[in-house]
Amino acid sequence: AISFMSFRSEPEFELDVELRRTLVVRAGCSIRLFVPIKGRPTPTVTWTKEGGAIPRAVIDSTESFTMLLIPESTRIDAGKYELTLENSSGKKTRPSVPAKILTKPHSLTVDEGGSARFECDVEGEPSPLIVWMHEGTPVGSSARHHIVSTRSSSSLDIVAVEMSDGGSYTLVVENTGGKQEAHFTLTVRKSESKEKICAAHKDNAMVNSWSM
């Protein structure tokens, strides 16, 4: 007797490192996204942009790869692209990439009244949540604190630095794939002018006390 076994496996694909980050393409050049795929039976491939169809795309898919090509790209082609594979064994949308800090902020020493800037580069899919913390408390944007974050970077600017801004800071990036932290410090030097004023007040206080 001869028996036949049917092997089934859920769809799988692995994104190249470059495809896990934001791609920058010069206008007029082609966009080419090539992704190796697996799965039995051969999965159905669906490419979408911002949740909708991609009318200008040329899509070529086989049992081992899928490729999306957009010739002569323009500004309207910018956006978030998503790949979905599905067969009778399951469904898979592009895998999550653990949040990671690529370049960490450096510790700084600045003068009171000056400014401080901390920067970092990050990656992750879905886009990680980025939080800056000072002594364990989240830092929010204010008149003196400015935070700008994108999918791949973030910066914290502090102007008119005060002594209270000094201390330990923590950068936290997190998504469904994981969490990572970076620690750094800000040291604030007291301004000479304020030290002289304080010293003058102290001397006057001593003179006044002796004049009694």
Please list, in chain and number order, the residues 5+ apart from residue 177 or on another chain whose amide H is under 5 Å from its amide H, with Hs placed from the backbone. 99
On a straight-distance basis, which aspartates and glutamates could pair with residue 179 in a cross-link, Cα separation under 16 angstrom, same-chain partners fewer than 8 positions away excluded? 121, 123, 125
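Laboratory data are not the source of any read-out in this text; all were calculated from the coordinates shown. The shown structure was predicted, so the numbers you read here are calculated from the model rather than taken from an experiment.
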